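Okay, structure first, notes after.
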C-alpha cells in the first residue's frame, strides 16, 4: 500500500475534525458519515411535556444540507465576535482567561442549530457569552415564541435557556457554556 502524502493526511485530519465538531462521525460505525441526534439514556416518562428531540426552526436555504463552520482566536480579556452563517457569538471582555479559539459549526444551513466549541476546553465562562441567531426569512410570524435550547451533557437531555430575548426575527441568549444549541418554538412544549 502506497503511503499517503502530507497533503492527503492534512485533508483527512481536517475532514475528521469537521465531522467530529458537527457530530457526523459515529465511532462505533467505523466513522461512517451519518447524522443523528444525541442519545438519551432513558425513555421519556409519560408526565414530561418536553419533546425528546427538538424540532429546530427552519429558514430558507439550499435544496441540500450544506454544513458551515468557522472560528476565530479571541483574547478573553478583550472579548470579540465570531459569526458563521446565521449565528453570532459575542464574547464580552473578561469572559475567560488567556486566548482561545471559538468555533461555530452549523450542520445544516436550513436549520437554526449549531455546535459551539472553545479550544482549549472550558467548562463555563467567567462572564456569560451572547449568542444571537438570525432567523430572517423563516417563519417570522411565530418568532416571538422562539427560545434557545441546549444539549446538557450531564442530564443527557435538551434544556431550555431561560431569559431569551426575541426581536422580530432574532433570538438572543446569554450562554454559561458552549455545547449544541438551537432555536425551537416555545409552543411545542418548551
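Every read-out reported here was derived from the displayed coordinates using simple, explicitly stated rules and does not represent laboratory data. None of these values were measured; they are calculated from a predicted model. Note: ideal-geometry Cβ built from the backbone for every residue, glycine included; neighbour counts use all protein chains shown.
Below, the figures for the structure above:
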read-out: Ranking of 154, 160 by count of other Cβ atoms within 10 Å, fewest first; value: 154, 160
read-out: R0 of 25 Å, Cβ-Cβ distance residue 159-residue 121: FRET efficiency to nearest 0.05; value: 0.80
read-out: Solution diffusion estimate, µm²/s, Stokes-Einstein, the range 106-190, Kirkwood Rh from C-alpha pairs, 10 °C, viscosity 1.306 mPa s; value: 119
read-out: Average Cα contact separation per residue, the range 68-188, under 8 Å, 6 or more apart, as relative contact order %; value: 24
read-out: Full-extension gain in nm, residue 144 to residue 172, via 0.36 nm per residue minus C-alpha separation; value: 8.9 nm
read-out: Neighbour-count order for 68, 112, fewest beta carbons within 10 angstrom listed first; value: 68, 112
